[in-house]
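Notes for the one structure printed next.
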Amino acid sequence: MTAQQPLTYDAFVELAAADPAVVGLVLKGSRAHDGMSTRHSDHDLYVVLADDATTGLTRFAGHRTAALDLVVISLTEFRAAGMPGFERYALARARVVLDRLDGGIARILADKARLDADEAFRNAGGLLDAYANSLYRSVKNHRDGQALAARLDAADSIRFLLELLFALDRRPRPYNKYLEWELARHPLPGWDTDALLRAVDRVSATGDPSPQRHLFARVEAAAREAGHGEVLDAWGEDLDLMRPR
């Protein structure tokens with residue numbers, strides 16, 4: 001393609017689909033989330049090649065324009081992408097454009113969308129402790145008149161809270177852009193989506209300890225039910241500062 005004729009998504013898909021070395025094409029990002037794309041949205045496409053395949057498509061590795069971003073990757077590398085890593089959610093909600101493995105590409109994406117039980121439990125324990133730490137700092141700073149510090153710690157706590165809630169459901173946390181999209185289509189069990197989003201918004205904006213404490217009460221119950229009581233009990237009497245008054 002020339003500078004006057006940039007490579008388009010449709011043209012590349014046609015080119016890649018005609019190459020037997022390509023075993024999968026996977027679209028991620030806004031274009032893979034119904035209703036999220038805008039006129040500014042590009043196409044983010046994974047091009048999955050058979051291991052040890054030889055193809056001229058490797059010349060497109062790293063291709064990046066305002067309209068089209070390409071990741072050219074082997075099947076083995078694709079299995080490992082985001083496991084762990086920031087790409088996990090993007091691939092968990094990606095859309096299969098081409099699957100020459102009789103559903104194998106789709107199964108790889110499904111594996112990325114679901115944390116195994118041990119991984120989820122381990123992650124949740126660490127996230128619970130991090131959430132409690134930021135919450136404790138926030139309410140303590142609010143008590144001591146440190147308003148900015150209280151808001152910043154509250155915002156930090158929300159990041160850990162959301163990762164924790166998704167880990168408890170054995171799911172990767174969505175990027176902030178897709179949080180409302182994800183919860184509207186795949187609610188967290190036991191949580192009212194609208195109420196949760198309102199609380200997240202208020203806590204992030206104000207650092208108000210009251211909604212933080214009410215959120216913590218819900219989280220404490222869910223965490224104990226999931227077997228993380230030991231993490232909470234390690235906080236001892238400091239839990240009193242985090243719980244509702």
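The values are calculated or read from the model by the stated rules, or taken from the named source; none is laboratory data. Quantities reported herein were computed from a predicted structural model and do not represent experimental measurements. In this analysis, Cβ positions are derived from the backbone assuming ideal geometry, glycine residues included, and neighbour counts consider all displayed protein chains. SASA here: full protein model, heavy atoms, side chains in, ligands and nucleic acids out. Shrake-Rupley method; radii C 1.70, N 1.55, O 1.52, S 1.80 Å.
When R100, R88 are screened for being touching a helix residue (DSSP H, G or I) at 6+ places or on another chain (Cβ under 8 Å) and touching a residue at least 60 places away in the same chain (Cβ under 8 Å), only R88 passes. Does segment 164-215 hold any residues that are within 24 Å of D111 (Cβ to Cβ) and in contact with an Asp or Glu (Cβ under 8 Å, 6 or more places away or on another chain), and which are they? Matches in segment 164-215: R170, R173, P174, L188, P189. Remark: pairs (first residue in segment 178-193, under 17 Å from V219 (Cβ atoms); second residue among the acidic types (D, E) and not in a helix (DSSP H, G or I); Cβ separation under 7 Å; 6+ apart in sequence or on different chains) = L188/D169; P189/D169. Looking only at residues of segment 60-86 that are among the hydroxyl-bearing types (S, T, Y) and outside any loop (DSSP other than H, G, I, E, B), we find that the one that is most open to solvent (accessible area, probe 1.4 Å) is T76. Here the condition is being out of contact with any helix residue (DSSP H, G or I) (no Cβ under 6 Å at 6 or more places or on another chain) and buried (at least 17 other Cβ atoms within 10 Å of the Cβ); of F121, F166, it holds for F166 alone. Residue pairs, Cβ under 6 Å, 6 or more apart or interchain, first in segment 201-224 and more than 18 Å from F166 (Cβ to Cβ), second in a helix (DSSP H, G or I) and among the aliphatic types (A, V, I, L, M). List them. Once the first residue is more than 18 Å from F166 (Cβ to Cβ) and sits in segment 201-224, its partners that are in a helix (DSSP H, G or I) and among the aliphatic types (A, V, I, L, M) give G207/A150; G207/A154; P209/V139; P211/A199; P211/V203; Q212/L135; Q212/V203. Entry remark, segment 36-45: residues being in a strand (DSSP E or B) and open to solvent by 10 Å² or more (accessible area, probe 1.4 Å) number 2 in total.
Annotation: of all residues in segment 1-16 being part of a helix (DSSP H, G or I) and either under 23 Å from A113 (Cα atoms) or of a type outside the set (S, T, Y) (or both), the one that is most open to solvent (accessible area, probe 1.4 Å) is E14.
Scan segment 131-163 for residues that are of a type in the set (K, R) and closer than 11 Å to D208 by Cα and the total you get is 2. Is it true that D19 is at pLDDT below 95 and in a loop (DSSP other than H, G, I, E, B)? So D19 fails the test.
Residue-level check: of (1) among the hydrophobic types (A, V, I, L, M, F, W, C); (2) modelled with pLDDT of 95 or more; (3) open to solvent by 50 Å² or more (accessible area, probe 1.4 Å), A205 misses just (2). When Y136, Y89 are checked against the criterion of being of a type in the set (S, T, Y) and open to solvent by less than 10 Å² (accessible area, probe 1.4 Å), a single residue qualifies: Y89. Going through (1) closer than 26 Å to G85 by Cβ; (2) in a helix (DSSP H, G or I); (3) open to solvent by 20 Å² or more (accessible area, probe 1.4 Å); (4) out of contact with any helix residue (DSSP H, G or I) (no Cβ under 8 Å at 6 or more places or on another chain) one by one, F160 falls short only on (4).
Matching residues to (1) closer than 23 Å to S134 by Cα; (2) at pLDDT below 95; (3) surrounded by fewer than 17 Cβ atoms within 10 Å (Cβ to Cβ); (4) among the polar types (S, T, N, Q):
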| residue | (1), (2), (3), (4) |
| --- | --- |
| L183 | no, no, no, no |
| D194 | no, no, yes, no |
| D201 | yes, no, yes, no |
| P209 | yes, no, no, no |
| R213 | yes, no, yes, no |
| A221 | yes, no, yes, no |
| R224 | yes, no, yes, no |
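Provide a single number: the residues in segment 139-157 that are part of a helix (DSSP H, G or I), surrounded by fewer than 16 Cβ atoms within 10 Å (Cβ to Cβ) and of a type in the set (D, E, K, R). Total meeting the criteria: 1.
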